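See structure below.
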Amino acid sequence: MDQQVKAEDLVFERQDGIGRITFNRPQARNAFTFAMYERLAAICEEINDDHAIKVLVLRGAGDKAFAAGTDINQFRDFKSPQDAIDYENRIDRVLTTLEQCRVPTIAAINGFCTGGGAGIAAACDLRIGTQSAKIGFPIARTLGNCLSMSNVSRLTALIGAARVKDLIFTARLVDATEAASVGLLGEVVEDIAALERRADEVAKLLASHAPLTLNATKQAVARLQRRLTPDEGEDLILMCYTSQDFREGLDAFLTKRAPQWRGQ
């Protein structure tokens, strides 16, 4: 299922100690291919070895989305239960690599930030959004899949168990005001121009601070959060991804119709 990432799909630039990643598939609301996930992890590993970089900013190209999760077409190749396990293990590995990146990470969010895109944002240290930001995990009304235990754990640590249930059960996208009130956004600005300015300001501020202090704080917070072994949630992944409902959700999404859930 692996493929080569197109260089233009995920753009990495570095200047004056600041690394910038742009998810560059605006025609698909910056939805991620598997190769893009792998490139994101590889960049984080590069940064761990490049101490000239002090901060990493992540953003989406265009004016519609930060990232709308995984490109649904990627699921068409699923042939076995192991494909589902491998997929969630990949997401866990990539987001953990992002979360543990040596430098502070800033998600600059405009428009839709959903599914895997919201997972990426949650794994960042800071999140700044525009008034048009829409954040959520609408999987209960789209594909009928589930989040891994690691992602549920990360999200619960960020916004609390009750809000995680509310967000996933209702499958709604929260607006910028609500996102800021529950901790999904740390700051809200007016528009894309203001977002770019503010993300740059914060990045430069963090780049001027003591890197060991920032890194120690990142590691201390991570140590406070319980880490689950990869196999602890495999039964839940298999229950969802190998179900008739998942196939129904996938077909309904691709054919633009409402899914008919059967709970099996």
- [ ] Among 107, 130, 161, pick out the residue whose Cα is farthest towards the positive end of the charge dipole of segment 10-211, where Lys and Arg carry +1 and Asp and Glu carry -1 on C-beta, about the Cα centre.
- [x] 161
TODO: Report the local net charge at residue 197: Lys and Arg +1, Asp and Glu -1, summed over other residues whose C-beta lies under 13 Å from its C-beta.
DONE: -3
- [ ] Could you list 204, 134, 218 in order of exposure, starting from the residue whose Cβ has the fewest other Cβ atoms within 10 Å?
- [x] 204, 218, 134
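Using the 10 angstrom Cβ neighbour count as an exposure proxy, how do 80, 243, 150 rank, fewest first? Can you show the working numbers first?
On the way: 80 9, 243 17, 150 24.
Going from sparsest to densest Cβ surroundings: 80, 243, 150.
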Open item on the list: Given all pairs of different Cα atoms, what value in angstroms does the Kirkwood hydrodynamic radius of segment 108-178 take?
Closed with: 12.2
- [ ] For segment 200-258 and segment 58-127, compute the distance between their C-alpha centroids and round to whole Å.
- [x] 7
TODO: Step through the table entries 54/218; 165/204; 54/134, compare each Cα-Cα distance with 24 Å, and write down the pairs that go over it.
DONE: 165/204; 54/134
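Which number do you get for Rg(Cα) / (2.2 N^0.38 Å) in segment 10-211?
0.96
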Task: Considering only the chain, percent of DSSP beta bridges that pair antiparallel, nearest 5 - done: 25
Open item on the list: Compute the helix-to-body angle for 192-207: its Cα long axis versus the longest principal axis of the chain, expressed 0 to 90° and rounded to tens.
Closed with: 60
Task: Note, ³J(HN,Hα) from phi for segment 66-74, Karplus 6.51, -1.76, 1.60, rounded to Hz, x at Gly and Pro - done: 6, 6, 9, x, 7, 4, 4, 4, 5
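Fewest first, what order do 76, 93 take by the number of other Cβ atoms within 10 Å?
Working: 76 11, 93 15.
The most exposed by this proxy come first: 76, 93.
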- [ ] Could you list, by residue number, the cysteines of the chain that have no other cysteine's beta carbon within less than 4.7 Å of their beta carbon?
- [x] 113, 124
TODO: Check the straight Cα-Cα distances from residue 256 and name the lysines below 20 Å, setting aside those fewer than 8 residues away within the same chain.
DONE: 64
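Only the coordinates and a few stated rules stand behind these numbers; no lab work does. Here the structure is a predicted model, which means the values were calculated and not measured. Virtual Cβ from ideal backbone geometry, glycine too; neighbours counted across all protein chains shown.
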